[in-house]
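Input: a single structure, listed below in structure tokens.
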Amino acid sequence: MELKQALEQLDALERKRFAFGAADGSIYLDGVTVAPRDTSAWRGVAMSVLAGESHKLITAPETGELLDFLWERKEELDGKCRRRVELLRRERSQLERIPTEEYMEYAALTNEASDVWHRAKETSDFELFRPVLEKLVAFNIKFAGYYDSSKKPYDALLNEYERGVTMEYLDRFFGTVRERLVPVIHAIGEKEQIDDSFLHLHYPVEAQRKFSDYLMEVLGLDRAHCTIGETEHPFTLNFSSGDVRITTNYTEDSLADSMYSVIHEGGHARYELNVDPDMDYTCLAGGVSMGVHESQSRFYENLIGRSEPFIRAIFPKVQGFFPQQLGSVTAEQFYRAVNRAEPSLIRTEADELTYCLHVMVRYEIEKQLIGGTLAVKDVPGEWNRLYKEYLGVDVPDDKHGCLQDSHWSGGSFGYFPSYALGSAYGAQMLRNMEAEMDVWGDVARGDLSRVSGWLKEKVHKYGRLLEPGEIVKNACGEFDPTVYTDYLTEKYSKLYHL
Ligand code: ZN
């Protein structure tokens with residue numbers, strides 16, 4: 001085989017994988033947006049066939065030969081091409097390591113688990129979910145050995161979500177977060193709470209939709225390449241660097257819910273739209289990892305979106321959309337209201353300050369579960385104990401406790417820490433950005449173009465060309481969690497006059 005011919009085969013292989021992914025994404029998007037209610041069965045069949053074909057494609061012997069051939073000639077390949085081969089080989093060897101029967105059994109289990117979890121959550125019945133969770137934990141411990149038997153099981157799982165991240169790294173990070181932020185949260189508890197009642201007046205969906213359009217404009221999201229839809233749980237879906245979809249969910253008695261989910265998903269979208277289009281149709285397209293992706297969404301949502309200059313810049317417009325509700329409210333009051341911090345039970349509704357502690361509870365539990373020092377039956381007790389210790393709240397039932405998140409039912413152990421890491425990475429990026437440009441002057445004018453440009457240069461454009469750790473280093477320098485905790489301490493000390 002000639003090198004040229006092999007490269008053509010590589011392109012063809014990647015385009016096929018792209019097509020499977022695009023088909024899967026379209027069917028998924030249809031299912032959660034406009035499809036009629038009782039129609040999930042045909043989509044389930046179509047999606048499992050696509051998943052099977054995509055799996056076959058990467059594990060086929062011909063694919064192995066092609067990738068080996070190219071890897072042997074890696075010195076002759078350009079950087080992007082070499083990286084594509086490296087990533088495809090990595091993915092292939094990972095899939096090969098799990099025996100097919102176990103892979104199938106696990107797929108059936110997660111499918112079942114999702115149903116059981118929904119029922120268990122509705123009725124707040126942990127005992128119903130317990131047997132399935134026990135199996136999921138056992139599978140993940142086994143899989144961890146397949147992924148990398150030289151690592152401790154939970155380290156091997158963490159590495160699947162955020163390559164290079166270990167328990168040692170996270171213990172240091174969460175240790176700092178806990179030590180520095182728990183006293184701030186307790187101090188706020190002694191102060192008079194901020195009034196945010198005007199955020200919970202009646203906000204008609206139609207006006208909120210127009211407001212979302214405006215926010216997309218502020219974020220510089222070109223509607224010819226990015227649309228916004230409505231789903232129960234907001235998300236971002238990318239087809240290519242020129243086609244990204246975001247969704248939101250409107251609640252009529254809360255303005256901030258949708259406002260900040262649009263800005264959050266908009267941050268994810270900015271990332272995807274800024275990836276070098278040269279890498280479309282290849283495995284280099286798209287964001288590099290969960291943690292880095294969350295660093296971008298949470299950058300826009302919190303560091304920019306909940307900053308005083310941003311609120312001052314957009315507030316006259318916000319008042320224009322909702323004159324009755326906000327006519328007598330000041331920008332200052334609005335800024336304070338969207339930053340109200342209060343220990344609570346539900347992670348997805350948590351404020352910027354307490355969010356990390358919710359993640360920390362999950363991290364501690366996963367670490368013990370996968371490490372074998374906590375039995376599944378003891379999860380609710382441990383969960384409630386940690387919520388009391390970190391956040392000072394009493395968990396009334398498992399629905400508002402350990403059954404609230406879908407992640408474990410989907411077989412994801414080691415995923416949660418990425419949310420917290422992303423927040424901390426973002427804070428460090430902001431500090432570096434401030435050293436290079438007048439961030440707040442731009443934000444005060446409602447102009448986010450240079451902010452996006454900076455993130456594009458340091459993070460977005462690379463797609464998966466670099467490892468997550470290299471991108472973090474590129475944009476943050478040496479990771480230092482105190483930058484994040486200092487940022488939060490300073491912000492909240494001012495807000496609550498601590
Ligand atoms: Zn996100």
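The values are calculated or read from the model by the stated rules, or taken from the named source; none is laboratory data. Because the structure is predicted, anything quoted here is derived from the model rather than measured. Every residue, glycine as well, gets a Cβ built from its backbone with ideal geometry; the counts of neighbours run over all protein chains shown. Heavy atoms of the whole protein, side chains included, go into the accessibility calculation; ligands, DNA and RNA do not. Shrake-Rupley method; radii C 1.70, N 1.55, O 1.52, S 1.80 Å.
The table for this structure:
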item	result
Whole-percent carbon and sulfur share, accessible surface of the chain, 1.4 Å	50 percent
Accessible solvent surface per residue of the chain, calculated while the other protein chains remain in place, 1.4 angstrom probe, Å²	44 Å²
Two-decimal log10 I(q)/I(0) for segment 60-181, as the Debye equation yields it once each C-alpha is a single scatterer, q = 0.15 Å⁻¹	-0.94
More than 20 angstrom apart: percent of Cα pairs within segment 360-425	26 percent
In Hz, Karplus ³J(HN,Hα) per residue of segment 108-119 (6.51, -1.76, 1.60; θ = phi - 60°; x = Gly, Pro)	5, 5, 5, 4, 5, 4, 4, 5, 4, 4, 4, 5
Difference of contour (0.36 nm per residue) and Cα-Cα distance, Gln5 to Thr373	127.2 nm
Hits among lysines - C-alpha to C-alpha of Lys458 under 28 Å, sequence gap 8 or more where chains match	Lys74, Lys80, Lys473, Lys491
Total formal charge among the other residues, if their Cβ is under 15 angstrom from that of Met437, Lys/Arg +1 and Asp/Glu -1	-1
Low-density loop cleavage sites - GluC sites (Glu not before Pro) in segment 104-201, where at most 10 other Cβ are within 10 Å (DSSP)	Glu190, Glu192
Per-selection metrics, the chain (Cα): Rg and Dmax in Å	23.1, 74
Largest to smallest principal axis extent of the C-alpha atoms in segment 142-221, angstrom	55, 40, 24
In degrees, nearest ten, helix 205-218 long axis to first principal axis of the chain (Cα)	70 degrees
Low-density loop cleavage sites - trypsin sites (Lys or Arg not before Pro) in segment 135-165, where at most 16 other Cβ are within 10 Å (DSSP)	Lys151, Arg163
Eligible lysines near Lys210 by straight Cα distance, threshold 18 Å, same-chain separation 8 or greater	Lys317
For segment 445-498 and segment 95-128, distance of Cα centres in Å	36 Å
All lysines inside 27 Å of Lys135 as judged from Cα atoms, apart from same-chain residues fewer than 8 positions distant	Lys56, Lys121, Lys151, Lys152, Lys367, Lys377, Lys399
Rounded accessible area of Tyr462 (nearest 10 Å², 1.4 Å probe)	50 Å²
